[in-house]
1. For Ile194 and Glu7, what does the FRET efficiency come to when R0 = 51 Å and r is the distance between their Cβ atoms, rounded to the nearest 0.05?
2. By how many nm would the segment from Asp137 to Glu52 grow when fully extended, if each residue of separation counts as 0.36 nm and the alpha-carbon distance is taken off?
3. Just the number please: accessible area per residue for the chain, 1.4 Å probe, all protein chains included, in Å².
4. Efficiency by 1/(1 + (r/R0)^6): what FRET value for His114 and Asp220, r their Cβ-Cβ distance, R0 = 30 Å, to the nearest 0.05?
5. Just how many pairs of Lys in segment 47-197 have C-alpha atoms closer than 22 Å, counting pairs that are eight or more places apart or on different chains?
6. Among (i) 0.94; (ii) 1.07; (iii) 0.99, find the value of Rg/Rh (Cα atoms, Kirkwood Rh) that was calculated from the structure presented, and write down its label.
7. Check each of the trypsin sites (Lys or Arg not before Pro) in segment 92-176 and keep only those in coil by DSSP with at most 14 other C-beta atoms within 10 angstrom; list them in order.
8. By a straight-distance test (C-alpha under 17 Å), which aspartates and glutamates pair with Lys275 as possible cross-link partners, with residues fewer than eight away in the same chain excluded?
Amino acid sequence: MHEMKLESLITKATQLAEATVAVAAAEDSEVIKAVIQALQSGFGQFLLYGDEPKIYDLLGEYVHYVESGNIRIIHADSKAEAAELAVRAVHGNEANVLMKGNVPTATILKAVLHKEYGLRTGNVLSHVAVFEVPNYDRYIIVTDAAMNIAPDLQQKAEIVANAVKVAKAIGIEKPKVAPLAAVEVVNPAMPATIDAAALSLMSQRGQLTDCIVDGPLALDNAVSIESAQHKGIRSEVAGRADILLVPNIETGNVLYKSLVYFANAKVGAIIAGAKAPIVLTSRADSAESKLYSLALAICATN
């Protein structure tokens, strides 16, 4: 069994080759807190783009990290300029992780998708969230809870591929993927079941590699062996899923927030599918969650 604590991602991040994180609009107390915690944990170098006096102010007693070279501050006159400069740094290989600071998501994504200096690869960008759920024996990866609104079959296949890469980066060699639906049978009136069945077949035929996909599965039968056995479902994935593929953004959003607020799960999340991992945490996320997201991003660069 691999260690299933998000804390272990921090340990792993400290053992990897030094990664540099470009932060767009770093003038945010929670972001600075996560940057300082990362440096105290022993991983990462940081390029902080944004309002230089404000960033210095927020660093306060930790300004010595600037003097030691772990942090470089680059002034930007606006949030849009900070986003552009941070994305350009990753595009030019000065940094290998992008992190959103105090800047609207739309602004940073506009820079990420820029034809000239952006980070597009031709793949779908998707949100991959890794959860440590109390009293649960493994990570649960939820995708896509934040980027793709109503993905079609091809997009779902790419979302799976992105999540599989992240799963492998954190030590899950051949992740089991459950495309979620409300039922286990294919029902033409429920498109999620048709996509799930198609993805399962794509997996069997080798179109989706390095993973096992089986569905449709309802949530209980994806994560609980007892529930799957009770239903008489025989599958390598049922009850053992590592990756939960949600049919749409509403399902993903509700599942993500249910795990955090009802189950007290810890989470680290990144956007995968671009040239480099993107840490796109929301303002409501704790500094701890931002720290786990940074560690996950650094693990995913390798």
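1. 0.80
2. Values: separation 85, 0.36 × 85 = 30.60 nm, distance 4.40 nm.
Taking 0.36 nm per residue and subtracting the Cα distance, the gain is 26.2 nm.
3. Numbers: 13350 Å² over 302 residues.
Per-residue value: 44 Å².
4. Details: r = 43 Å, r/R0 = 1.43.
The pair His114/Asp220 has a calculated efficiency of 0.10.
5. 15
6. For Rg/Rh (Cα atoms, Kirkwood Rh), the calculated option is (iii).
7. Filter output for segment 92-176: Lys115, Arg120.
8. Filter leaves Glu84, Glu94, Glu116, Glu158.
The values are calculated or read from the model by the stated rules, or taken from the named source; none is laboratory data. Treat the numbers as computed from the prediction; the structure is a model and nothing was measured. Positions of Cβ are generated from backbone atoms using ideal geometry, with glycine treated the same way; all protein chains shown enter the neighbour counts. Each accessible area value is taken on the protein alone, full model and side chains, heavy atoms only, with ligands, DNA and RNA left out. Shrake-Rupley method; radii C 1.70, N 1.55, O 1.52, S 1.80 Å.
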